[in-house]
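Notes follow once the structure below has been shown.
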Amino acid sequence: MELRSQGVSDTEVLSAMERVPRELFVPEAFQDQAYENIALPIGAGQTISQPKIVAEMTSALELGPRLKVLEVGTGSGYQAAVLAHLCRRLYTVERHRTLADEAETRFAQLRLGNIVIQVGDGSEGWPAQAPFDRIIVTAQAVMLPDILLAQLREGGVMILPIVEKGQGQKVVRLRRTEKGIERETLMDARFVPLLDGLPRAK
Ligand code: SAH
């Protein structure tokens with residue numbers, strides 16, 4: 001209801017979000033805030049995104065039941081669970097094993113059988129499963145990730161937060177057309193950075 005009152009009008013996205021219990025993705029200590037429209041810590045220095053951003057990015061991705069989707073930055077798995085209700089199959093990559101393991105447990109609890117998760121550097125994409133119809137990056141990139149763009153099918157859409165010169169961090173939408181890549185700036189964002197490689201062992 002709150003998302004609707006804030007201008008989210010995509011009813012398919014709203015009903016997918018209604019089907020995903022956000023409290024399951026939030027640590028014990030923040031349970032009472034699970035349904036507030038704020039980002040929350042999830043461990044490993046990472047955050048679960050604000051529901052409004054999840055709604056808007058999901059809607060901007062123009063999903064459909066036949067589409068194959070790649071997510072970079074599984075985090076808690078919340079965004080992944082929402083996406084999974086709106087596409088055929090979701091491939092998601094997370095560089096922190098602890099977060100990936102927790103997310104995988106949640107997917108099993110929710111019986112989301114169309115999510116495939118992998119621990120790795122998502123800036124490499126998922127070459128064995130490419131091309132994808134849709135790609136969503138949920139960590140902030142500094143440069144346009146050519147490797148990911150190369151894994152986007154023609155007609156495909158990719159959404160990612162990126163720093164725009166003098167503008168700060170924005171969510172942009174890239175569309176691969178027969179003529180090349182079209183780019184639109186959608187909204188302000190505050191994502192954690194997209195990092196290379198895997199975390200160093202402690
Ligand atoms: N979509 C998440 C929020 C993600 S926060 C959710 O719904 O909870 C961003 C995540 O991206 C973090 O978990 C971080 O560890 C991960 N990340 C950062 N760089 C990455 C990379 N190169 N490959 C894979 N995951 C990455």
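Taken together, the values in this text are just the output of simple stated rules run on the coordinates, not laboratory data. Everything quoted here is computed from the prediction, not taken from an experiment. Cβ atoms come from the backbone with ideal geometry, glycine included; neighbour counts cover every protein chain shown.
A few comments on the model shown:
- Centroid-to-centroid separation of the range 23-50 and the range 130-159 [C-alpha atoms, Å]: 26 Å
- Label-point separation, Thr105 to Arg153 (7 Å along Cα→Cβ), nm: 3.5 nm
- Net lengthening on full extension, Asp188/Arg19 (0.36 nm per residue, minus Cα-Cα): 58.2 nm
- For the chain, fraction of C-alpha pairs farther apart than 31 Å, in %: 11 percent
- Taken along the Cα-to-beta-carbon direction at a fixed 7 Å, the label points for Asp146 and Ser5 span 4.9 nm.
- Neighbour-limited loop hits for GluC sites (Glu not before Pro), the range 166-202 (at most 15 other Cβ within 10 Å; DSSP other than H, G, I, E, B): Glu178
- Calculated FRET value between Ile38 and Thr177, using beta carbons and R₀ = 45 Å, to 0.05: 0.80
- Estimated FRET transfer efficiency (Glu12, Val116; beta-carbon r; R0 30 Å; 0.05): 0.85
- Within the chain, helix-based [θ] at 222 nm, where runs of 4 or more DSSP H residues each add -39,500 (n - 2.57), nearest 500: -6000 deg cm²/dmol
- Taking a span of 27 Å or more along the helix axis (Cα atoms) and a mean Kyte-Doolittle hydropathy of at least 1.0 as the rule, no DSSP H helix of the chain qualifies.
- The charge dipole of the range 45-153, taken about the Cα centre with unit charges on the Cβ atoms of Lys, Arg (+1) and Asp, Glu (-1), comes to about 380 debye, rounded to the nearest 20.
- With both labels modelled 7 Å from their Cα along Cα-to-Cβ, the Ala128 to Gln50 distance reads 3.8 nm.
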